[in-house]
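As structure tokens, the structure follows; a few thoughts come after it.
The values are calculated or read from the model by the stated rules, or taken from the named source; none is laboratory data. Keep in mind that this is a model prediction, so the values were computed, not measured. Cβ placement follows ideal geometry from the backbone for every residue including glycine, while neighbour counts extend to all protein chains displayed.
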């Protein structure tokens, strides 16, 4: 195609392209196929920068919002969610000086504070011109201006104009006139670096609208995991080769801009995609200086699909069915090749003449207007505004621009919440948490914020039950294959690659085989019907004969979701039966056989490590109760492509039941107990572990291997199960206050039925609230937080500082828990502050594509992040990680864990050291720990949680619940 | 109330109840008082409950009374000299099952959407359009003349386009809504022309009693009958997304899931077959027209089943599956198998509505299925790869992936000229007004070919 060039020039070009591609890769969304949704920091690529810098930089790159909108903060100010005290503290922290803005004038801080207290509506451009010339901006004071300020301005204007008295229009005109000469020069917005941006500016045509549908179709066909009946031929060769194989054949699409594509592709025989991309860039007239921004811009324009390709390139094992040989450079070559065609087509088209550039403005009166309003609010009249002061005022307004204001408001907003939690914790411990009598049962849950309420209700029902929190994989990193599952899937944090296989096996082989055969038969029938209904002949026969029967499930599912789900469930159970199973989790010490990179189970020593580590870190091991229940969690819902995002993050977006079951089995294992005893951390003989899985959507519990409980503990288990059942109903009750569609005056039993219906309802886009409202992570013994109502907003990590003087446990704990909980928190933050760019937008038009993600409609970019319905009630605050440790110990931990230090040091979360016995806390800032100034606030005290939340939908402050402390009514 | 009176009331209620609900919501929205969710959902449930019960009541009354066809005359729209446009509704063995099914399905969709659209800012707007759609559909189904059918037909088209464009904060839904609207309008010309030509050649566009069900009056001349049959077929092409106008259907999936289900799985898409079933006497008289119906249906069914097989997103796959079945239904109608066609429509509507409503569950369901089968699902399409010669495969696959190309051709050859023509009229008008006002005319930019309708 092009003349041969000197080879070393070519090589340097290729290197530049590869480098640009690598840099662009980091900016793409890191979301794997949606079947296992793992929460992570949306701006992970920016974690090297301080939070405030990163959000602004990313906002420019992605065209997103860094913080909530100004209108949202206005609402927070109006509702008192941000108050004057918060603003004052934030300005002091930001070191806004107290010196007067000019001699005799108000202080800079006072002006800042005044401006921040008044989020003004600022018309722009033509709207402002109208406001000034035809509206009443220059004839009436702004409604927020106080009487005193008005009087001062009128007096000042009279003095300036040398008159005895003036009216408002004259005074305001004079004030505006004093400021107007200081309008700064307007900055013209340059178009972006891509050729597409130039064509859009010159011709008014967006070539992405031509190119993207072709790219979307091709990418979707390439990565499809089994939606299409007929998959893309030649896709095993890669995206670009497959596209070339398809479109190089003659007789291609008749779209005018694609004419000749076949010949062009045919000529590319044997060319590497890098060459194709470089050729296209040359034809687009992109010089070496623009290479990087153009590559980045091209990929970011279709970032969902580009990100999916990049993910599959890095982790092909995360593709659920087919592992496509994905390469980002293929996509880039294809995108640039098509863009070059489209640009040429549009540029040479008669039909799209150049659009005349609109006249540029030379001055920006917006800032003058803003200064004019601020002067009114501050009561500064024209007489005080000598030219240099007017200039200073305009400069101050310019300095306190929209981003700066939102940053300060955001800090105030966070601070308001954080300080209340910190003070409540201090007060709670100060008022005393009675020591627990020897518990008869212990319940170990995930650290998940959703477990907070369940644990609290359980403790309220019976204060002699002790609860603990540990990451919900319970230390068991495994690949797990459930009964009937075709392949094993990892159940452990994403960062870990499991090395051990655990398999669920039936106890009665023959029975299980019969069940499996029946289920397989029914499955084939269902699958056949599903595939058939889309085909021509079978579909016709099905529709015309049995189609009408479809009305039965239709009516049932829509009008009676809970009943229908129960019927289906019971019918399935009656028809197929459920074989009893056990886990195969152990292997002999000398069994080194590896299959698919996995050991066939854990050795006794490995199991003892897992069990010992958990019992040590949580402090459980010191005093084990006779009955210990290990509760994993998952969530079930229908019509919810993001179902996995509601599951346990610690298991990598899976359900934690198998981990709980495996942990319990290991802790009951004789060999493990002997080994632990040898290591000096024995499990008492009378103690038994039982696994369970909590469905956080339905609020139900499934017991795992409960039949193995020794007879002496059967009664205790029954009692505990009954208490848990009551706690689940109360948990559902507390959750229901957050659903606007659930009446506020339900009984716990009705609430329990309500959440069950939600999980079975096809029409329910909010089956549960997930991690929405999460804000705090507390790493401390439960004794510090027991009896404190935390409104399901806190991750609770059990940690016993007394048993960990050197902080070894703490380091491991924080290294695991910190990034995970901060990742969840930040994903909610970003999906909330910009639901369109960072989030997946509203769920309602979502359309599952290729089984890897969702699009809007039939050919959009893949939507990454969380859907709006999931984050709707979230408060976008960064996580406050509160750790019971003195600052020195935490500093040692941070020094040993650079990832953690980066998160805390760059402000992606607030790290707080807590010494409860001293009643002190320290916040970690960039240069070290700063003491928290405690404010004495009343902490509400109630007998039981429902008294606190009943009838209320909003976020609630922390409060003491006596029943859980063992002092309330039993 | 006598049997006759109640039978007169039923079709009126079926149309009036949704229309009234529409009017009430519109009124509250109009005075700037957005109605609450619960109020809206209950009102709509009530309206469609009433409509469903009215039709069910009428059906049982007709069964008991042994009636197969009831014409309810409600006066005339217009009387000029010896010509009149009668206002008449028809209850017969065609309209009753269709009208009952439609009222029931729209009502179900309404119940579903109360939870689905909860807290969406367009909640009231959705129900407003749903009610208008319901009224329009009932008017199409119960209308006793093509003029009445046309009014309902237009309402259905309008609400369909507006619901595709429901998420109006993004540009693509609006563009796709516009595309569907343009296709509808182009095809509506067929219905209007058929009515006019029937007036000219058969003395009116009312429905005449016949032994099967009321049918469109048959013109005396064979040529006239063929022409009218072809015009009605043309009218049916748009609503039922038949070749070559099917391209809007996958694009329509940009709207909220429940409206996609009720419009393109259940009701709107089956209005084409309904119209042709009404015209059955004409098709029987005009074999050429019937042949055209068969040809269009067969081509569409083949095209859609073929294109549907390569779709990688759930909703497009379902859209093409629907198109396939509707094509088959056209064939059945052309072959003179009306009863089979009715059974096919009812079965297909029930099945597809559920599938579309359940589309976002496909991952969940697949997981269950895999566990039941104890294996990954068998790979489909193997036999296609065996049967189609290797050299042809890329060519055919590309044809299917590009949706048979006719989408691009329609955009280029049909829609773009229409848009250009409309713009030309617009410029003419601008010049005319400028001349009247004595100012220079503003020159608007010519659109890029295909830009508007892509």
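Summary table below
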| quantity | calculated |
| --- | --- |
| Lone unmet requirement of (1) buried (at least 16 other Cβ atoms within 10 Å of the Cβ); (2) within 14 Å of another protein chain (Cβ to nearest Cβ); (3) closer than 23 Å to residue A:763 by Cβ for residue B:119 | (1) |
| Options B:380, B:400; residue that is over 30 Å from residue A:579 (Cα atoms) and part of a helix (DSSP H, G or I) | B:400 |
| Residue match in segment A:625-648 (condition: out of contact with any strand residue (DSSP E or B) (no Cβ under 9 Å at 6 or more places or on another chain), modelled with pLDDT of 95 or more and more than 30 Å from residue A:31 (Cα to Cα)) | no |
| Matching entry among B:61, B:54, B:99 (being within 13 Å of residue B:10 (Cα to Cα), outside any strand (DSSP E or B) and over 27 Å from the mean Cα position of the chain (by Cα)) | B:61 |
| Per-region count, segment A:316-351, residues part of a loop (DSSP other than H, G, I, E, B) and more than 13 Å from chain B (Cβ to nearest Cβ) | 3 |
| Test: residue in segment B:261-277 that is more than 21 Å from the chain's Cα centre (by Cα) and within 12 Å of chain A (Cβ to nearest Cβ) | no |
| Answer from A:422, A:444, A:458, A:408 - the residue that is at pLDDT 95 or above, buried (at least 20 other Cβ atoms within 10 Å of the Cβ) and out of contact with any helix residue (DSSP H, G or I) (no Cβ under 8 Å at 6 or more places or on another chain) | A:422 |
| Residue in segment A:737-788 that is nearest to the other protein chains (Cβ to nearest Cβ), counting only those that are assigned to a helix (DSSP H, G or I) and within 30 Å of residue A:803 (Cβ to Cβ) | A:785 |
| Residue within segment A:815-835 that is more than 14 Å from every other protein chain (Cβ to nearest Cβ), in contact with a helix residue (DSSP H, G or I) (Cβ under 7 Å, 6 or more places away or on another chain), under 26 Å from residue A:940 (Cβ atoms) and surrounded by 23 or more Cβ atoms within 10 Å (Cβ to Cβ) present | no |
| Condition met for residue A:228 (more than 9 Å from chain B (Cβ to nearest Cβ) and within 39 Å of the chain's Cα centre (by Cα)) | no |
| Criterion (part of a loop (DSSP other than H, G, I, E, B), surrounded by fewer than 17 Cβ atoms within 10 Å (Cβ to Cβ) and not assigned by TED's automatic domain parsing to the domain that holds residue A:226) met by exactly one of A:97, A:88 | A:97 |
| Segment B:18-42, residues that are in contact (Cβ under 8 Å) with a residue 60 or more places away in the chain and closer than 16 Å to residue B:106 by Cβ | B:18, B:19, B:21, B:22, B:25, B:40, B:41 |
| Flag if residue A:288 is surrounded by fewer than 21 Cβ atoms within 10 Å (Cβ to Cβ), closer than 24 Å to residue A:27 by Cβ and at pLDDT below 95 | yes |
| Failed item, numbered, when residue B:310 is tested on (1) touching a residue at least 12 places away in the same chain (Cβ under 8 Å); (2) at the interface with another protein chain (Cβ under 8 Å from one of its Cβ atoms); (3) assigned to a helix (DSSP H, G or I) | (3) |
| Condition broken by residue A:576, with the remaining ones in (1) in contact (Cβ under 8 Å) with a residue 12 or more places away in the chain; (2) out of contact with any helix residue (DSSP H, G or I) (no Cβ under 7 Å at 6 or more places or on another chain); (3) more than 25 Å from residue B:326 (Cα to Cα); (4) at the interface with chain B (Cβ under 10 Å from one of its Cβ atoms) satisfied | (2) |
| Leading residue by the ranking (nearest to the chain's Cα centre (by Cα)) among those in segment B:367-377 that are within 7 Å of another protein chain (Cβ to nearest Cβ) and in a helix (DSSP H, G or I) | B:369 |
| Exclusive hit being within 27 Å of residue A:856 (Cα to Cα), surrounded by fewer than 17 Cβ atoms within 10 Å (Cβ to Cβ) and not assigned by TED's automatic domain parsing to the domain that holds residue B:296, set B:368, B:364 | B:368 |
| Count of segment B:397-413 residues which are surrounded by 17 or more Cβ atoms within 10 Å (Cβ to Cβ) and more than 7 Å from chain A (Cβ to nearest Cβ) | 8 |
| Positions within segment B:332-354 being more than 7 Å from chain A (Cβ to nearest Cβ) and over 17 Å from residue B:275 (Cα atoms), in sequence order | B:352 |
| Residue ranges of helices (runs of 4 or more DSSP H) in segment A:839-936 with at least 3 members touching a helix residue (DSSP H, G or I) at 6+ places or on another chain (Cβ under 6 Å) | A:887-896, A:898-905 |
| Residue that is farthest from the other protein chains (Cβ to nearest Cβ), among those in segment A:195-216 that are surrounded by 20 or more Cβ atoms within 10 Å (Cβ to Cβ) and part of a loop (DSSP other than H, G, I, E, B) | A:207 |
